[in-house]
1. Failed condition for residue 163, given (1) in contact (Cβ under 8 Å) with a residue 24 or more places away in the chain; (2) in contact with a helix residue (DSSP H, G or I) (Cβ under 9 Å, 6 or more places away or on another chain); (3) not in a helix (DSSP H, G or I), with all others met?
2. Do any strands (runs of 3 or more DSSP E) entirely within the stretch 36-86 hold 2 or more residues that are within 19 Å of residue 17 (Cα to Cα) and free of Cβ contacts under 8 Å to residues at least 40 places away in the same chain, and if so, which?
3. Could you identify the single residue in 287, 258 that is surrounded by 15 or more Cβ atoms within 10 Å (Cβ to Cβ), within 10 Å of the ligand (Cβ to nearest atom) and either assigned to a loop (DSSP other than H, G, I, E, B) or at pLDDT 95 or above (or both)?
4. So which pairs qualify, if the first residue must be in the stretch 277-288 and in contact (Cβ under 8 Å) with a residue 40 or more places away in the chain, the second must be acidic (Asp, Glu) and more than 11 Å from the ligand (Cβ to nearest atom), the Cβ gap must be under 6 Å, and the two must be at least 6 apart or on different chains?
5. Here is a check on your reading of the model: is residue 6 touching a residue at least 60 places away in the same chain (Cβ under 8 Å) and not small (Gly, Ala, Ser)?
6. Go through the stretch 184-207 and give me each residue that's at pLDDT 95 or above and assigned to a loop (DSSP other than H, G, I, E, B).
7. Return the residue satisfying two criteria in turn: it lies in the stretch 265-284 and is of a type in the set (D, E, K, R) and away from the ligand (no atom under 15 Å from the Cβ), and of such residues it is surrounded by the most Cβ atoms within 10 Å (Cβ to Cβ).
8. Taking residue 63 as the residue in question, decide whether it is more than 18 Å from the chain's Cα centre (by Cα) and among the aromatic types (Phe, Trp, Tyr).
Amino acid sequence: MPELPEVETVRMQLRHKIVGKTIDSVEVFHAKSVNHDETIEDTLRGKIIADIDRVGKLMIFSFADESDVFLLAHLKMTGQFFYVDTHGDAVGGGHSMSESSDRDFPHKHSRVAFHFTDHTSLYFNDMRLFGYTKLATGAEVALARSKFGPEPITPDFDCDWFWAKLKKRKTPIKAALLDQSFVAGLGNIYVDEALWRSKIRPTRQADKVTKSEATALCKAAGDVMNESIKVGGTTFQHFVDTGGQNGNFTDYLKVFGQQGKACSRCGETIKKIRCAGRGTHYCPGCQK
Ligand SMILES: [Zn+2]
């Protein structure tokens, strides 16, 4: 499943590719992927992409001179975006590309195509159909934004505020960090990694985290996300060159998926347990 760093990578790269382009037509190959909205093509034809924003893993496309029409896109489990230029070269990102080796677009997993007036196109592929690209009003966008807390990767993320909020939570710290309405953007992998870096055990009750630990956790959460976004940059490459290789953060993981291996910091064996309903990895030696 694409985690936030992959979504952020896709967003940043797509911005370079399609901002300023005018939509010429929209092809819908599967109605579910546009929320069964038959007006999508008529609504978007002629619109100029102004920007692509993001909140959590939700991408928000806005349009020039348009304050009440947006396109929301969520990759969910298997979504991908591919940009195809006038030579037919495709670059894309999102879900691991190894499962869709077909390089011609549209292919059987292509659900929607946005064609631009300069004869380039943006394809939304989604094997399992959980993702979507759908129209939204300004009010709907505001509502979607309101469901997400601040992100640790934003430079002005407030660690004092973060610690004060933790003080009021009696859930395991892991559960608190996964709550997107509290802090947005940290998925299961990144929570485990951030807790390992800050030496906090995932099962520790949130209100028992000290101020210095909370500060270390803030920094670790931001760092782990930013480092992953850097690596995630490799997901968005020339599809034909990489042969379907997807960039990922796997080589950098210290604790996630490392159960049974020695901790690189203290040598203790990494454990896997269940916490907050999720597979959870930690080192019993150095995470307190
Ligand atoms: Zn350790």
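The values are calculated or read from the model by the stated rules, or taken from the named source; none is laboratory data. Owing to the predicted nature of the structure, the values given are computational and were not obtained by experimental measurement. No Cβ is skipped: glycine too gets one built from the backbone with ideal geometry, and neighbour counts run over all protein chains shown.
1. Looking at each condition in turn, residue 163 falls short on (3).
2. Once the strands (runs of 3 or more DSSP E) in the stretch 36-86 are filtered for at least 2 residues that are within 19 Å of residue 17 (Cα to Cα) and free of Cβ contacts under 8 Å to residues at least 40 places away in the same chain, what remains is 49-55, 58-63.
3. Of 287, 258, the one residue that is surrounded by 15 or more Cβ atoms within 10 Å (Cβ to Cβ), within 10 Å of the ligand (Cβ to nearest atom) and either assigned to a loop (DSSP other than H, G, I, E, B) or at pLDDT 95 or above (or both) is 287.
4. 281/192
5. yes
6. Matches in the stretch 184-207: 198, 199, 200, 201, 202, 203, 204.
7. Residue satisfying both the conditions and the ranking: 278.
8. yes
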